[in-house]
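Structure first, then comments.
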Amino acid sequence: MPPQSAHLKGIKIVIVGAGSVGVTTAYALLLEGLASDIVLIDIDQNRAMGEVMDLSHAAHFAQARVRVGDYEDCAGAAAVVITAGVNQKPGQTRMDLVKTNYALFQDIVPRIAKNAPDTILVVATNPVDVLTHAAHKLSGFPVERVIGSGTAMDTTRFRHELGRYFGVHPRNVHAIIIGEHGDTQLPVWSLATISGMRLKDYCAQAGHPYNEEELEACARRTKEAAYEIIQRKGKTNYGVASVLVHVLEPIITDSDAIMTVSRVGTYAGVQDVAVSMPCKLNRRGAYQDVPLLLNEKEQDLLKKSALSIKKVIDSV
Ligand SMILES: NC(=O)c1ccc[n+]([C@@H]2O[C@H](COP(=O)([O-])OP(=O)(O)OC[C@H]3O[C@@H](n4cnc5c(N)ncnc54)[C@H](O)[C@@H]3O)[C@@H](O)[C@H]2O)c1
């Protein structure tokens, strides 16, 4: 049974969308012991009830209650995670989902905001950057209380790829992906380190080959991972669920973790757009950007990424 300290009692997390991502997130949250009350809301109440019945049996081994709810149940939630919406079919990009999922947000977000005016929204539905921007406008919440999972997912995948290449645990690779959670994302090579050393220096010291083509392949596999997984199994759910729990953790435990999440701001000179950059998170939300010293090429790529998100925002 996961240890649950007294201060986590009374922590309510609501998940809107009891599909693959929502339910896997509820399960991961349950196993982590981070919440005592997990509420699932879905337009398909029957499906949500089936998931809750199943999850309740897992809750037997944890210390949380899982239940089906409605928007009134958002009241008092530490965070509301939005995973409702259509997902990519093989061959579709995330941006292809925008019209359907934006319409859904127009219905969902005001209902959450009305019932839980002080909560934090964590958006996972794709295209996540565009919908983080939409959730900010539709809720009227300050920017720090509307967080898109953004490239937290891609950063995780990137560290996994680099960890495999260098033969070290992904946790020991300090490297991030910023920009769009999608096709224009970029790796920040200039600031990537292992054991406090730039990758080239690490290779020289550790006697590991430094092969730029192999490193580019790591970034390419990161960007294309979701396409490949969807091609093979029709969806992605485990990776994103773990990422969402790690976005929730500093909110629940007020711990100032830095993660690459998406929030509304000005990036590379592009105003009023949601883009992922490293950000500090605690119980106030994603409350502070951590500015990066990017090189010129990275700044140009970040601007291109921000502009491509902005173009879609302006089209909805
Ligand atoms: N950000 C990420 O890293 C990431 C990763 C994977 C998936 N996603 C996105 O998450 C979303 C969900 O994916 P999934 O695989 O769970 O899809 P899914 O089809 O399994 O689940 C979606 C759920 O949303 C519900 N829903 C639809 N309209 C609703 C409404 N108006 N109110 C409440 N619930 C509603 C559906 O009934 C369904 O249960 C997609 O947009 C997908 O692209 C994001």
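Being hydrophobic (A, V, I, L, M, F, W, C), touching a Leu at 6+ places or on another chain (Cβ under 6 Å), over 23 Å from residue 88 (Cα atoms) and surrounded by fewer than 17 Cβ atoms within 10 Å (Cβ to Cβ) narrows it down to one residue among 217, 257; which is it?
On the way: 217 fails: touching a Leu at 6+ places or on another chain (Cβ under 6 Å).
Among 217, 257, only 257 is hydrophobic (A, V, I, L, M, F, W, C), touching a Leu at 6+ places or on another chain (Cβ under 6 Å), over 23 Å from residue 88 (Cα atoms) and surrounded by fewer than 17 Cβ atoms within 10 Å (Cβ to Cβ).
Conditions first: (1) modelled with pLDDT of 95 or more; (2) surrounded by fewer than 21 Cβ atoms within 10 Å (Cβ to Cβ); (3) more than 9 Å from the ligand (Cβ to nearest atom). Residue 112 passes all but one, so which condition is the exception?
That leaves (2) as the condition not met.
Any residue that is closer than 18 Å to residue 259 by Cβ, away from the ligand (no atom under 16 Å from the Cβ) and without any contact (Cβ under 8 Å) to a residue 60 or more places away in the chain - is there at least one of those in the stretch 177-188?
Scanning the stretch 177-188 turns up at least one residue that is closer than 18 Å to residue 259 by Cβ, away from the ligand (no atom under 16 Å from the Cβ) and without any contact (Cβ under 8 Å) to a residue 60 or more places away in the chain.
What's the number of the condition residue 294 fails, among (1) more than 16 Å from the ligand (Cβ to nearest atom); (2) under 20 Å from the mean Cα position of the chain (by Cα)?
(2)
Under 6 Å between Cβ atoms, at least 6 apart or on separate chains: pull out the pairs that start in the stretch 266-285 with a residue that is β-branched (Val, Ile, Thr) and end on any residue that is not in a strand (DSSP E or B).
The qualifying pairs are 270/306; 270/307; 270/310; 273/306; 273/309; 273/310; 275/306.
Return the residue satisfying two criteria in turn: it lies in the stretch 115-139 and is more than 15 Å from the ligand (Cβ to nearest atom) and either in a helix (DSSP H, G or I) or aromatic (Phe, Trp, Tyr) (or both), and of such residues it is surrounded by the most Cβ atoms within 10 Å (Cβ to Cβ).
Going residue by residue through the stretch 115-139, those that are more than 15 Å from the ligand (Cβ to nearest atom) are 116-120, 136-137, 139.
Subset that is either in a helix (DSSP H, G or I) or aromatic (Phe, Trp, Tyr) (or both): 136-137, 139.
Details: 136: 23, 137: 14, 139: 21.
Of everything passing the filter in the stretch 115-139, 136 is surrounded by the most Cβ atoms within 10 Å (Cβ to Cβ).
Show me the strands (runs of 3 or more DSSP E) found entirely inside the stretch 1-97 where at least 3 residues are more than 10 Å from the ligand (Cβ to nearest atom) and of a type in the set (Asp, Glu). So that I can check it myself, show each step before the final result.
Details: elements: 12-16, 37-41, 65-68, 79-82.
Fully inside the stretch 1-97 and qualifying: nothing.
Against the condition under 15 Å from the mean Cα position of the chain (by Cα), β-branched (Val, Ile, Thr) and not in a strand (DSSP E or B), how does residue 243 come out, does it pass? Spell out how you get there, then give the answer.
Values: under 15 Å from the mean Cα position of the chain (by Cα): yes; β-branched (Val, Ile, Thr): yes; not in a strand (DSSP E or B): yes.
Here the answer is yes, as residue 243 does meet what is asked.
Restricting the search to the stretch 266-287, which residues are part of a strand (DSSP E or B), at positive phi and surrounded by 19 or more Cβ atoms within 10 Å (Cβ to Cβ)?
Initial filter on the stretch 266-287 (part of a strand (DSSP E or B)): 266-267, 270-282, 285-287.
Keeping just the survivors that are at positive phi gives 272, 285.
Within the stretch 266-287, just 285 meets the criteria.
Table: residues versus (1) charged (D, E, K, R); (2) in the same structural domain as residue 159 (by TED's automatic domain parsing); (3) out of contact with any helix residue (DSSP H, G or I) (no Cβ under 8 Å at 6 or more places or on another chain).
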site	(1), (2), (3)
215	no, yes, no
248	no, yes, no
257	no, yes, no
263	yes, yes, no
277	no, yes, yes
286	no, yes, no
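Give me the residue from the stretch 31-51 that is crowded, with 22+ Cβ neighbours inside 10 Å and β-branched (Val, Ile, Thr) and, out of that set, farthest from residue 14 (Cα to Cα).
Result: 41.
The values are calculated or read from the model by the stated rules, or taken from the named source; none is laboratory data. Note that the structure is a prediction, hence the values are computed from the model and not measured. With ideal geometry, Cβ positions are generated from the backbone for all residues, glycine too; neighbour counts draw on all protein chains shown.
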